[in-house]
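S.K.: One structure, pasted below without further comment.
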Amino acid sequence: MRPGAIVSQYWPTVALFALLLGLWELAVTVFEIRAYLLPPPALVWDALWNADFSWGPHLWITSLEIAGAFFMAAIVGVMLGVAIAWSPLIANALMPFLVFVNTLPKVAVAPLLLIWIGYGILPTMVMGALIGFFPVVINTAVGLSQIETDMLDLGRVFSAPKWKIFLKIRIPNALPYILSSLKITATAAVVGAIVGEFVASQAGLGYVIANTQSSMNTAVAFASLIWISAVGLALYGLVVLVARLWAPWAEGVE
Amino acid sequence: MPDSLIDLQQVGMTYVAASGPVEALADISLRVGAGEFVSLVGPSGCGKSTLLRIVAGLRPATKGVVNVTGRKVTRPIPDIGMVFQQPILLKWRSILQNVLLPAELAGRDANGLRKRALQLLDMAGLGGFAEKLPRELSGGMQQRAALCRALLLDPPLLLMDEPFGALDAMTRDDMALELLRIWGETAGARKTVLFVTHSIAEAVFLSDRVVVITPRPGRIAADIAIDLPRPRTVELRASEAFGRLSLDVFRTLTGRTEGSVAV
Ligand SMILES: Nc1ncnc2c1ncn2[C@@H]1O[C@H](COP(=O)(O)OP(=O)(O)OP(=O)(O)O)[C@@H](O)[C@H]1O
Ligand SMILES: [Mg+2]
């Protein structure tokens, strides 16, 4: 995009954002709102960089959890999707079970995960993976079956074994579907990580927010939210970037 | 004919679609000898593509017996080259990788065949396009790439469904000559070719026999021997014999036995 085009596309967003910030600052001053209810933007900005603790370790832990959840969901999801597309028998056996797991409220499962896996970042990762894996399964299975008969015939004409048709024709053909589901999973991984931290944790951005409830340090909670969305956006951007590089032929498939 | 490579006996095909059954082919009995070049012509929808798929073992016929190289066809047969009506190139692979696909799928050494693939692309006038993606090529260019793919493993049997359908008249004639060259390269071990086309001139120019198929359900209306000398040359097209044979095919195809007059 040309710089001019970027400016003309994004200036309304920037302007609206600035306006809202201005109104927020004004409201806090004019109505004398207490900082623990709604901290002024300046205070949030300050907390973002100079809290009375270091953001670094919390950022690191949460990023790790999000990345772990994302990769777990992606790997398990793709494997299950391939299994489902591989044979109707496997599909019939797995699908009802997967739908059941998907309908479970994941938050309710969190305490169980702690009992089974113990404390630390692993249960939080599993939590995020649980929330995010289902769309990957479905999109992988759908992508694998959305293939022209002609393309499959092509593989059969050259006497390719089934696994090779999967590897060389069906999976690459499904890649746009898989990559687009990973965008959903990227968001789900963030939710999972934070929920996991709320339930039990000693560190992380979610832990910071949970802690401000007792300290009434609302500015820190706001700052933590901003950090979380920054991590989430970074992951999302990364997925979009990888999708563009990896499957440039799939532009426009959503 | 003891050495008939393809042997179809009373083959019929009825598709079962949601809207009801469609009888595509009826009572097709056809033998193609090893090394023969046979063209199929017939109106759109008469079942030519269906017939090729049946011979390839991609679809089972609903009636009759299909034998290829003396064996009953029950699943896709090995060692054939097939050109589909659509190019069906894999859009994530470069043209060269697409041409090499058969080697990979059949578990052959793809790297060792690179040189051959590039030669084929050169022959098809796609020398500079090996590293391009399919979407960067025109429809006719994609079709030529698909032809190269079918020829890669030098198969003894070629099934070709309108391989030159998307080409302009001149490129089409060039490709026909190239195809004949490849076909006749090794005399004595000629490939067997089953070739679908809508061009009467192309069918007569290329073939040993032209099989004319009737409108749906497809039946064999005539099996016309093309006794023109080989190697075939461009000049042959101007000959009286070529014209007579073309007219034969045209008349069978259109069902007109009298000379028709355009006013
Ligand atoms: N998968 C299918 N399901 C149902 N009907 C089909 C299917 N494939 C082909 N048909 C029908 O069978 C008939 C023959 O189709 P086919 O594609 O073999 O014709 P064709 O001679 O190759 O035509 P064209 O010259 O237009 O390529 C058509 O009437 C078509 O509608
Ligand atoms: Mg056809």
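S.K.: Give the residues of segment B:69-91 that are within 7 Å of another protein chain (Cβ to nearest Cβ) and away from ligand 2 (no atom under 16 Å from the Cβ), sorted by residue number.
M.R.: Of everything in segment B:69-91, those that are within 7 Å of another protein chain (Cβ to nearest Cβ) and away from ligand 2 (no atom under 16 Å from the Cβ) turn out to be B:Pro76, B:Pro78, B:Ile80, B:Leu90, B:Lys91.
S.K.: Scan segment B:25-51 for residues that are crowded, with 22+ Cβ neighbours inside 10 Å, more than 8 Å from ligand 1 (Cβ to nearest atom) and more than 16 Å from B:Ala203 (Cα to Cα) and report the count.
M.R.: Final tally of qualifying residues: 1.
S.K.: In addition: Is it true that some residue in segment B:140-148 is under 21 Å from the mean Cα position of the chain (by Cα), within 13 Å of another protein chain (Cβ to nearest Cβ) and within 29 Å of B:Val11 (Cα to Cα)?
M.R.: There is at least one residue in segment B:140-148 that is under 21 Å from the mean Cα position of the chain (by Cα), within 13 Å of another protein chain (Cβ to nearest Cβ) and within 29 Å of B:Val11 (Cα to Cα).
S.K.: Ok, one more. Tally the residues that are within 14 Å of chain A (Cβ to nearest Cβ) and closer than 20 Å to B:Val210 by Cα, restricting the search to segment B:42-68.
M.R.: Total meeting the criteria: 8.
S.K.: OK, next. Checking A:Gly132 against (1) over 30 Å from B:Trp92 (Cβ atoms); (2) surrounded by 24 or more Cβ atoms within 10 Å (Cβ to Cβ): exactly one of these is not met. Which one?
M.R.: Status for A:Gly132: all satisfied but (1).
S.K.: Of all the helices (runs of 4 or more DSSP H) wholly in segment B:158-261, which have at least 1 residues that are basic (Lys, Arg) and either more than 16 Å from ligand 2 (Cβ to nearest atom) or in contact (Cβ under 8 Å) with a residue 24 or more places away in the chain (or both)?
M.R.: Qualifying helices (runs of 4 or more DSSP H): B:169-184, B:240-254.
S.K.: If I ask for residues that are in contact (Cβ under 8 Å) with a residue 12 or more places away in the chain and either of a type in the set (Phe, Trp, Tyr) or surrounded by fewer than 20 Cβ atoms within 10 Å (Cβ to Cβ) (or both), which ones from segment A:107-120 would you list?
M.R.: A:Val107, A:Val109, A:Pro111, A:Leu114, A:Tyr119, listed by residue number.
S.K.: Still on this structure, please answer the following. Looking for whichever is out of contact with any Asp or Glu (no Cβ under 8 Å at 6 or more places or on another chain) and facing chain A (nearest Cβ under 10 Å) here; the options are B:Leu101, B:Leu126, B:Leu113, B:Leu120. Which one fits?
M.R.: It is B:Leu101.
S.K.: Would you point out the residue of segment B:1-24, among those that are touching a strand residue (DSSP E or B) at 6+ places or on another chain (Cβ under 8 Å) and hydroxyl-bearing (Ser, Thr, Tyr), that is surrounded by the most Cβ atoms within 10 Å (Cβ to Cβ)?
M.R.: Filtering first and then ranking leaves B:Ser4.
S.K.: While we're on this one: Give segment B:168-209 a look and list any residue that's buried (at least 17 other Cβ atoms within 10 Å of the Cβ), of a type outside the set (Val, Ile, Thr) and within 16 Å of ligand 1 (Cβ to nearest atom), or say none.
M.R.: The answer is B:Leu194, B:Phe195, B:Ser199, B:Glu202, B:Ala203.
S.K.: Is it the case, given these coordinates, that A:Ile171 is under 15 Å from the mean Cα position of the chain (by Cα) and either without any contact (Cβ under 8 Å) to a residue 60 or more places away in the chain or within 14 Å of chain B (Cβ to nearest Cβ) (or both)?
M.R.: no
S.K.: Would a scan of segment B:2-15 turn up a residue that is closer than 17 Å to B:Leu158 by Cα, within 16 Å of ligand 2 (Cβ to nearest atom) and not hydroxyl-bearing (Ser, Thr, Tyr)?
M.R.: No, that holds for no residue.
S.K.: Mind checking whether some residue in segment B:83-91 is of a type in the set (S, T, N, Q) and buried (at least 17 other Cβ atoms within 10 Å of the Cβ)?
M.R.: yes
S.K.: Would you please name the residue that is surrounded by the fewest Cβ atoms within 10 Å (Cβ to Cβ), looking only at residues in segment A:153-168 that are more than 7 Å from chain B (Cβ to nearest Cβ) and closer than 20 Å to A:Ala247 by Cβ?
M.R.: Only one residue tops the list, namely A:Leu167.
S.K.: Is it the case that B:Gln143 is of a type outside the set (A, V, I, L, M), within 16 Å of ligand 2 (Cβ to nearest atom) and not in a loop (DSSP other than H, G, I, E, B)?
M.R.: Spelling it out, B:Gln143 is indeed of a type outside the set (A, V, I, L, M), within 16 Å of ligand 2 (Cβ to nearest atom) and not in a loop (DSSP other than H, G, I, E, B).
S.K.: Sticking with this one: Those residues that are under 30 Å from A:Trp60 (Cα atoms), under 19 Å from the mean Cα position of the chain (by Cα) and of a type in the set (Ser, Thr, Tyr), I need them from segment A:91-127; list them, please.
M.R.: A:Thr124
S.K.: Hey, does segment B:149-168 have a residue that's farther than 25 Å from B:Ala124 by Cα and either polar (S, T, N, Q) or assigned by TED's automatic domain parsing to the domain that holds B:Ala56 (or both)?
M.R.: no
The values are calculated or read from the model by the stated rules, or taken from the named source; none is laboratory data. Model, not experiment: these values are computed from the prediction. Virtual Cβ from ideal backbone geometry, glycine too; neighbours counted across all protein chains shown.
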